Amino acid sequence: MAKKTNHQPPARSGRFSAGAAREANAYTASIGFDHRLAAHDITGSIAHARMLHHVGLLTKSEATSIVRGLNAIGRKIAAGRFRWKRELEDVHMNIEAELTRRVPAGAKLHTGRSRNEQVALDTRLWLRDEICSLANELHLLQLALVELGEKYRDVIIPGYTHLQRAQPVLLAHHLLAYVEMFERDYERLLDCLVRVNVCPLGSGAIAGSTLPLDREFVARELGFVDARHRPVLTQNSMDAVADRDFVVEFCAAAALLAVHQSRLCEDLALWSTVEFGFIRIGDAYTTGSSLMPQKKNPDIAELTRGKAGRVIGNLVSVLTMLKGLPLTYNSDMQEDKERLFDTVDTARSSVCILTAMLHHVDVNRRACAAAASDPGLLATDLADWLVQKGMPFRQAHHVVGELVALAETKGRPLNKLTPAELRKVDKALTPAALRVFDLGAAMQRRHGIGSPSVKEVRRQLDRWHKSLRH
Ligand code: ARG
C-alpha cells in the first residue's frame, strides 16, 4: 500500500520507512489550495533567513543565496511555471524542497522554525493584505451610494416598516443608511487588522526554540509593528500556534458585511420590480429569462443576497472546527484555509460588483413621486400637529386613526376629506390641519440630526463625500 515516492517530504524523513499511501496523501495534502499563500510564505522565509543571519545562525553568503533562491522561486510561481508536488503536502514544504534543490544552504532555512508557526504567519501576512484591499473597495462602494444619493438628492420615497408604507424619506437618506452600516463594517475590518498584525514567528512548533532567535528583528522585517513602529509579537508560544481567532474575527466581520449587502440587494431587487418601479438596473448588470421574453432579472442583487449564506456558513465552519481542539496545533486547523479564502473572495467580489452595478442604476423620479404622494405617509405629522395644539399624543394617535378609517370607508385619500368630515372626527381638526399634507414642507420639518430633512441629508451627503473622497 504505502509506496515510497521520489519526493519524500522533509517532514517524513528519518522517522518514516515509507512514504504516505497515495490516497492518504490525496486526503491530507493542502497544496491544492494553500499555494495561494506562496508569495507570503516566501516573504516570511526571507525575513526568517535574514534574522538567522543577524543572530549568526547563517553566514552572509548562506543568507544571500537563500534569499536569491527564494526570490527566483517566487518569480517562477508568479509566472505560473512552478510545478507543485502533492507528495510534498503543502506550500511550505514545496517551496522549501525546491529551495534546497537549488541551493544547499536551503537545508538551513527551517532552523528554529516549525510549519505550525509558519502557517500562522503566512495566513496573517496574506489576510493583512486582503483586509487592506477589501477596506479600500468598501469605501468605493460607500462612495457609489453617496454619488447615487447626490444625483437624485431631491427624490422622495416612502420609507417602510414591516414592508408597509410608513413615512416619507429622501431616497438619499435611505442610501445613506447603508453607508453608515458599511462604515461600521469598515471599522470592524480595521479593528480586526490590529489583531491580525501580530508576529507569531519564534513560537516554534509549540514551545519556542533553544536557539538564539531575535523575534523583534523578524517582526520588524515583516511590518508587524504598531503605530509607533514598535514590533508586535504574540506573547505565548502555545497560543500563537493554537488559535485562529483572527480568522474567526475576520469571517465574522465579513459575515456582517455580507448581511448588510444582502439587505441592500433586497431593497434594490424590490425597487426594480414593476410593482415598485423606483429604479432601473442597467441591462449590463441584469439577465434575461430563457423562456419569458419580457423578463429582466436583478441577478447580481439576488446572488449577492444568496452569497451571504455561504459567508455566514464559513464563519460557522471555522468556529465549529476550533471548538473541541485541545491545545495546540491540530491538523483540523488546515480546514480554516478554504473557508477563509472563500470568505475573502466572496466579500471582495460582492463589494466590487455591487459598486459597479450602482453606477448603472437609474431612478424613476415619476414612480418615486407617485408613491411618496400617498398622504397616509403623513398621518403621523397630523398627529404631531394635534400635539402642538395641546392634545396628548395617545389621543391624537386615536383621532388620526379614526380619520384614516373614515377616509378608507369614503374611498378617498386622507387629505381629501371635507372640513365637515374632519370636524366630525374631532373639533380640533380645523381646515388648517390639511396643510400638514404639503410634502415639501413636511420634509423641511424633519430637522434633527440624522433626520431626512433636505438640509440635514445635504449635510450628511457632503460629510460623506468629503471623508470618502480624501
Ligand atoms: N498545511 C498545514 C496547515 O494548513 C500547515 C501546518 C502543518 N503542520 C503540521 N504539523 N502538520 O495547517
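What follows is calculated from the coordinates using simple rules that are stated; it is not laboratory data. A quick note: this is a predicted structure, and the numbers were derived from the prediction, not measured. Every residue, glycine as well, gets a Cβ built from its backbone with ideal geometry; the counts of neighbours run over all protein chains shown.
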Does LEU145 satisfy being among the aliphatic types (A, V, I, L, M), under 18 Å from the mean Cα position of the chain (by Cα) and either surrounded by fewer than 21 Cβ atoms within 10 Å (Cβ to Cβ) or on the phi < 0 side of the Ramachandran plot (or both)? yes
Quick test for you: out of ARG423, ARG459, ARG435, ARG446, pick the one residue that is without any contact (Cβ under 8 Å) to a residue 40 or more places away in the chain, in contact with a strand residue (DSSP E or B) (Cβ under 9 Å, 6 or more places away or on another chain) and of a type outside the set (Ser, Thr, Tyr). ARG446
Report yes if some residue within segment 426-437 is within 42 Å of the chain's Cα centre (by Cα) and in a helix (DSSP H, G or I); otherwise report no. yes
Considering each of ALA135, ALA39 in turn, give the residue that is touching a helix residue (DSSP H, G or I) at 6+ places or on another chain (Cβ under 8 Å), over 30 Å from ALA177 (Cβ atoms) and of a type in the set (A, V, I, L, M, F, W, C). ALA39
Given (1) assigned to a helix (DSSP H, G or I); (2) more than 22 Å from LEU358 (Cβ to Cβ); (3) among the charged types (D, E, K, R), where does GLU183 come up short, assuming only one miss? (2)
Hey, any hits in segment 264-286 for a residue that's aliphatic (A, V, I, L, M) and more than 30 Å from LEU171 (Cα to Cα)? no
It is to be established whether one or more residues within segment 69-89 are without any contact (Cβ under 8 Å) to a residue 60 or more places away in the chain, within 16 Å of the ligand (Cβ to nearest atom) and surrounded by fewer than 23 Cβ atoms within 10 Å (Cβ to Cβ). yes
Since ASP342 meets every condition but one in (1) in contact with a Ser or Thr (Cβ under 6 Å, 6 or more places away or on another chain); (2) more than 21 Å from GLU147 (Cβ to Cβ), which condition does it not meet? (1)
Filter segment 134-150 down to the residues that are touching a Lys or Arg at 6+ places or on another chain (Cβ under 7 Å) and either within 16 Å of the ligand (Cβ to nearest atom) or polar (S, T, N, Q) (or both) and list them by number. none
Residue in segment 97-115 that is among the polar types (S, T, N, Q), closer than 24 Å to ASP332 by Cβ and not in a helix (DSSP H, G or I) present: yes
Inside segment 105-131, can you point out the residues that are among the aliphatic types (A, V, I, L, M), in contact with a Phe, Trp or Tyr (Cβ under 9 Å, 6 or more places away or on another chain) and away from the ligand (no atom under 16 Å from the Cβ)? ILE131
Restricting to segment 285-339, count the residues that are crowded, with 18+ Cβ neighbours inside 10 Å, of a type in the set (Ser, Thr, Tyr), within 16 Å of the ligand (Cβ to nearest atom) and in a helix (DSSP H, G or I). 1
Single match in LEU268, LEU257 (criterion: touching a strand residue (DSSP E or B) at 6+ places or on another chain (Cβ under 7 Å) and in contact (Cβ under 8 Å) with a residue 40 or more places away in the chain): LEU268
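Do you know which of the residues in segment 254-273 that are small (Gly, Ala, Ser) and under 9 Å from the mean Cα position of the chain (by Cα) is surrounded by the fewest Cβ atoms within 10 Å (Cβ to Cβ)?
ALA255
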